[in-house]
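The values are calculated or read from the model by the stated rules, or taken from the named source; none is laboratory data. Keep in mind that this is a model prediction, so the values were computed, not measured. Positions of Cβ are generated from backbone atoms using ideal geometry, with glycine treated the same way; all protein chains shown enter the neighbour counts. Accessible surface areas use protein heavy atoms only, side chains included; no ligands, DNA or RNA. Shrake-Rupley method; radii C 1.70, N 1.55, O 1.52, S 1.80 Å.
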Amino acid sequence: MRHRTRPPPPHDTDLPLRPTPVADGTGGQDSAVALTDGMLAVRAGEGDEDAFAVLVRRHSSRLLALALHLLGNRADAEDAVQEALLSAWRQLPEFRHRASFGTWMYRIVTNRCLNTLRRRPHPAPLDSVPEPVAADAGSSPPRVAETDAATAALARALSELSPELRTCWVLRELHGLHYEEIAHLLGTSEKTVRGRLFRARRTLTEAMRPWR
């Protein structure tokens, strides 16, 4: 049977990247909001655009945070998430639910970000890095300046990691994924993930030695 080309979702160039309420047109909240991701994914795979909109609103914040940590640039991160969501919409009819919808989206976004990182000719400075521990209200100006300098040093160190090392470190240290989950997302082995994490941690530890 020949499959028809799947149309893009409405406003495909402006998919929401922040959670917003979904109205049902009667002043109440859409009943789809109460459905599980799996149920919504089935509906979306059958062409239900409202179900897909709920999934987008439910997961977009976490996906954007992931892309921002990997790419370090908000504009690039938003582009990567937009492209991943459009790709997911087109692939949903083939989604076999072997993993959760959230895990599936993590994999698509991660791959998009890796492609972007690999296309960069040189390491780019990161606009966004892990938030440092907040300084006490009574911290002295020199202490605040030292914290800012350490944050900038971490940004530089992260930007100089290879895409593969940076991705493993972000998924493990910032998003708390287990080794097997990271291996699944990247299509590699746990042994490879552990090796990349070891090298990433060693490199970052060495780069941050003056600030310890």
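Here are the numbers for this structure:
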| quantity | calculated |
| --- | --- |
| Computed magnitude of the charge dipole of the range 165-212 (debye, nearest 20; Cβ of K, R +1, Cβ of D, E -1) | 320 debye |
| Accessible area of the range 51-102 belonging to carbon and sulfur atoms, whole % at 1.4 Å probe | 46 percent |
| Computed accessible area, His97, all protein chains, 1.4 angstrom probe, square angstrom | 80 Å² |
| Area of Leu68 that stays accessible when all protein chains are in place (1.4 Å probe, Å², to 10) | 30 Å² |
| Accessible surface, 1.4 Å probe, highest first, among residues Trp169, Trp89 | Trp169, Trp89 |
| Paramagnetic label zone (point 7 Å from Cα along Cα-to-C-beta, Trp211; backbone N under 18 Å) in the range 65-103 | 69-73 |
| Exposure rank, largest accessible area first [Asp79, Asp37; 1.4 Å] | Asp79, Asp37 |
| For the range 162-212: relative contact order, % (alpha-carbon pairs under 8 angstrom, 6 or more apart) | 36 percent |
| Loop-located trypsin sites (Lys or Arg not before Pro) in the range 50-97 whose Cβ has at most 16 other Cβ within 10 Å (DSSP) | Arg96 |
| Computed accessible area, Glu46, all protein chains, 1.4 angstrom probe, square angstrom | 150 Å² |
